[in-house]
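Only one structure is covered here, and it is reproduced in the block below.
The values are calculated or read from the model by the stated rules, or taken from the named source; none is laboratory data. Predicted, not measured: the structure shown is a model, and the values here were computed from it. Reconstructed Cβ throughout: ideal geometry from the backbone, glycine too, with neighbour counts over all protein chains shown. Areas reflect the complete protein model, heavy atoms only, side chains present, ligands, DNA and RNA absent. Shrake-Rupley method; radii C 1.70, N 1.55, O 1.52, S 1.80 Å.
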Amino acid sequence: MRLYDPNRDALAALRDSGIEVILGVPNSDLQHLNNWGDALWWVQQYVQNFYPAVKIKYIAVGNEVSPMYNAALASAVLPAMRNIYNALVSMGLHEQVKVSTAIDMTLLGNSYPPSAGAFRDDIRWFVDPIVGFLSSVNAPLLANIYTYFSYRDNPGSISLPYALMSSQSVSVWDNGLGYTNLFDAMLDATYSAVERVGGWNVDVVVSESGWPSGGAGEATTMDNARAYVNNLVAHVKGGSPKKPNKFIETYFFAMFDENQKDPELEKNFGLFYPWKQSKYNVYYGATRDWNVVPGSELSNATSSLVSAT
């Protein structure tokens with residue numbers, strides 16, 4: 001589970017649940033945590049007071065901070081990460097709780113083909129030191145990967161099945177690696193970008209992915225959302241072409257629709273409605289060799305499927 005801020009009630013509810021948690025530092029707190037005393041207090045209050053009853057796995061220091069549009073805030077990310085990490089070291093928790101930050105795909109200047117993935121030259125001042133820090137402390141980079149937005153912005157060059165992970169045929173060949181879906185291509189482009197700045201030992205954790213079930217926009221239907229979510233559940237167990245047989249740690253955005261968000265599209269990413277009713281079944285335990293296409297039932301399932309609802 002990912003929490004975007006250290007809500008005490010949520011943390012208390014997670015005690016002894018066994019659920020691993022990404023605990024977020026809101027962007028509004030980043031500059032405060034450039035102060036060592038504030039960072040130490042934050043870790044004492046929200047990590048030390050709850051761990052290990054709450055299985056905090058990562059601390060996401062900021063979410064999608066844009067160095068292109070807010071350089072001052074971006075400059076605060078790495079110092080806050082270092083202070084949080086050093087506070088964890090002082091408590092002997094730095095091996096158990098990893099410190100990272102969550103980026104979005106706008107930081108990539110090139111993503112096609114995946115092997116040519118590279119960060120934008122104008123934000124290298126921001127991302128290179130972060131990747132270096134993650135490499136030095138053996139922590140992953142968190143990346144929010146949405147095939148939906150890439151498809152919406154490029155419907156002429158990206159097919160819907162490729163974006164929904166419903167295609168069974170290779171759409172892109174890259175140095176002998178075949179890509180049947182856009183998710184893998186975006187993930188491997190991120191790996192290539194990270195490696196290009198020296199992060200050969202840095203894993204990528206997909207800290208957000210999803211598909212809107214409604215709202216104004218291209219292909220925003222319940223069937224498409226169900227197809228994407230279920231295809232992704234089945235797919236992540238087997239890895240990407242660049243990292244075969246490596247489980248892709250992935251978090252869906254979001255658990256609930258956010259009915260107060262704008263624009264309308266942003267209200268519809270949840271697996272559940274705000275009143276806790278599920279929107280569609282999510283199937284776990286299936287292998288890679290089945291897929292869901294919009295408007296169909298599951299096909300070619302080779303193991304028991306258990307409904308999450």
- [ ] Considering only region 220-272, state which residues are surrounded by fewer than 17 Cβ atoms within 10 Å (Cβ to Cβ), within 16 Å of the chain's Cα centre (by Cα) and closer than 16 Å to Arg152 by Cα.
- [x] none
Open item on the list: Can you pull out every residue in region 42-86 that is under 13 Å from Ile130 (Cα atoms), in contact with a Pro (Cβ under 9 Å, 6 or more places away or on another chain) and in a helix (DSSP H, G or I)?
Closed with: Ala74, Ser75, Val77, Leu78
Task: Checking Ser100 against (1) open to solvent by less than 20 Å² (accessible area, probe 1.4 Å); (2) among the small types (Gly, Ala, Ser); (3) in contact with a Lys or Arg (Cβ under 7 Å, 6 or more places away or on another chain), the condition it does not meet - done: (3)
TODO: Give Ala118, Ala76, Ala80 a once-over and let me know the one that is surrounded by 22 or more Cβ atoms within 10 Å (Cβ to Cβ) and not acidic (Asp, Glu).
DONE: Ala80
Open item on the list: Could you list, ordered by first residue, the pairs with Cβ atoms under 8 Å in which the first is in region 249-268 and closer than 14 Å to Ala225 by Cβ and the second is among the aliphatic types (A, V, I, L, M) and modelled with pLDDT under 90, at least 6 apart or interchain?
Closed with: Leu265/Ala216
TODO: Check off (1) surrounded by fewer than 22 Cβ atoms within 10 Å (Cβ to Cβ); (2) part of a helix (DSSP H, G or I); (3) touching a residue at least 40 places away in the same chain (Cβ under 8 Å) for Val89 and give me the number that stays unchecked.
DONE: (3)
- [ ] Could you tell me which residue of region 179-195 is farthest from Ser166 (Cα to Cα), considering only residues that are out of contact with any helix residue (DSSP H, G or I) (no Cβ under 7 Å at 6 or more places or on another chain) and open to solvent by less than 20 Å² (accessible area, probe 1.4 Å)?
- [x] Ala193
Task: Counted residues, region 1-57 - those being of a type in the set (Asp, Glu) and on the phi > 0 side of the Ramachandran plot - done: 1
Task: Count of residues meeting criterion [over 27 Å from Leu107 (Cα atoms) and either under 23 Å from the mean Cα position of the chain (by Cα) or open to solvent by less than 50 Å² (accessible area, probe 1.4 Å) (or both)] in region 16-50 - done: 12
- [ ] Report, ordered by the first and then the second residue, all pairs with beta carbons closer than 7 Å, sequence separation of six or more or different chains, a first member in region 196-211 that is open to solvent by 10 Å² or more (accessible area, probe 1.4 Å), and a second member that is acidic (Asp, Glu).
- [x] Val197/Asp128
Open item on the list: Please list, ordered by residue number, the strands (runs of 3 or more DSSP E) wholly in region 96-195 having 2 or more residues that are under 22 Å from Leu30 (Cβ atoms) and β-branched (Val, Ile, Thr).
Closed with: 98-104
Task: Check on Ala216, surrounded by 14 or more Cβ atoms within 10 Å (Cβ to Cβ) and over 25 Å from Leu107 (Cα atoms) - done: no
Task: Odd one out for Val206 among (1) at pLDDT 95 or above; (2) over 21 Å from Leu108 (Cα atoms) - done: (2)
